[in-house]
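Just so it is clear, none of the values below were taken in a lab; they were calculated from the coordinates. This structure is a prediction, so every number in the text was calculated from the model and none was measured.
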Amino acid sequence: MRLRFGEYLHASQECALVIGKQAVFSPRGNRLMTRETWQIEGVLHAADPAGLTLELARLRQAYARPAAVAGLFLDDGQTPTDHVVNAAETLGGVRVTRLEFPHGTGGEYSTFRHYRITLEADFPEAEPLLWEHVETVTFQGTGGPRHIFLETLDGPPQRQVIAPQTTYRAIQQGRAVGGTGYPSLPSPLWPGAELAPRRVVAWGTPRQTGTQWSHFPLEWRYEFESTLPLVGLPVLP
């Protein structure tokens with residue numbers, strides 16, 4: 001078996017590969033993606049320290065660049081096994097999170113050098129999911145009379161009714177974050193009572209991971225006013 005990272009091809013049986021997979025869930029408990037972690041441990045060989053220096057430079061340069069494909073191949077270097085990652089199928093490509101040389105004693109850097117590399121890749125779910133959804137509905141007023149207080153020249157202020165009835169008001173506002181795309185904009189609870197000129201909708205910049213995007217934020221605010229009571233609850237996603 002031979003490990004390939006982009007155009008860099010490890011020697012046959014040069015390294016060992018351990019793969020772990022972990023599900024990543026949104027705060028709402030939905031499965032958002034699967035994070036795959038590769039632990040690579042191997043030994044580079046060369047005839048002398050000078051040759052080993054060149055081999056180490058090739059290794060570092062290869063893992064410093066993004067790779068379109070990473071995986072385990074048969075000895076011909078072309079036939080893929082089950083353990084192959086295509087960057088186009090991931091969220092942000094294949095990330096090199098660690099490259100280290102864990103041993104420094106014995107004959108290290110004579111004709112051989114141990115190395116350890118960690119790779120990560122995120123595989124999003126097929127269906128776009130909500131990472132977050134929060135909405136509040138705030139009510140103002142009871143429809144009752146409106147009072148004012150008139151200050152007098154002599155004595156305490158006088159309370160007077162200037163309107164026997166008042167309007168009912170409400171504010172519907174919230175925020176949602178889509179996993180791999182913008183979420184749908186919720187509809188206003190009372191379309192006929194909406195104060196349309198005061199509607200606010202804001203689409204935010206998503207989070208960039210490599211060449212991919214995630215966490216698409218959307219915020220909204222609707223204001224309502226009516227002569228009748230406004231009754232309703234937040235919209236459930």
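Overall, the ratio between the Cα radius of gyration of the chain and 2.2 N^0.38 Å, rounded to two decimals, is 1.77. Here, P(r) means the percent of Cα pairs in each 5 Å bin from 0 to the largest distance; for segment 132-237 it is 2, 11, 16, 14, 12, 10, 9, 7, 6, 4, 3, 2, 1, 1, 0. For segment 159-173, the Karplus equation 6.51 cos²θ - 1.76 cosθ + 1.60, evaluated at θ = phi - 60°, returns couplings of 8, 10, 8, 9, 8, x, 9, 10, 7, 9, 10, 8, 10, 10, 9 Hz by residue, with Gly and Pro reported as x. Once you reduce segment 1-70 and segment 122-184 to the center of their Cα atoms, the two points are 53 Å from each other. Across all directions, the average projected area of the convex hull around the alpha carbons of segment 2-124 is 8.4 nm². The orientation-averaged shadow of the Cα convex hull for segment 70-210, equal to a quarter of the hull surface, comes to 20.8 nm².
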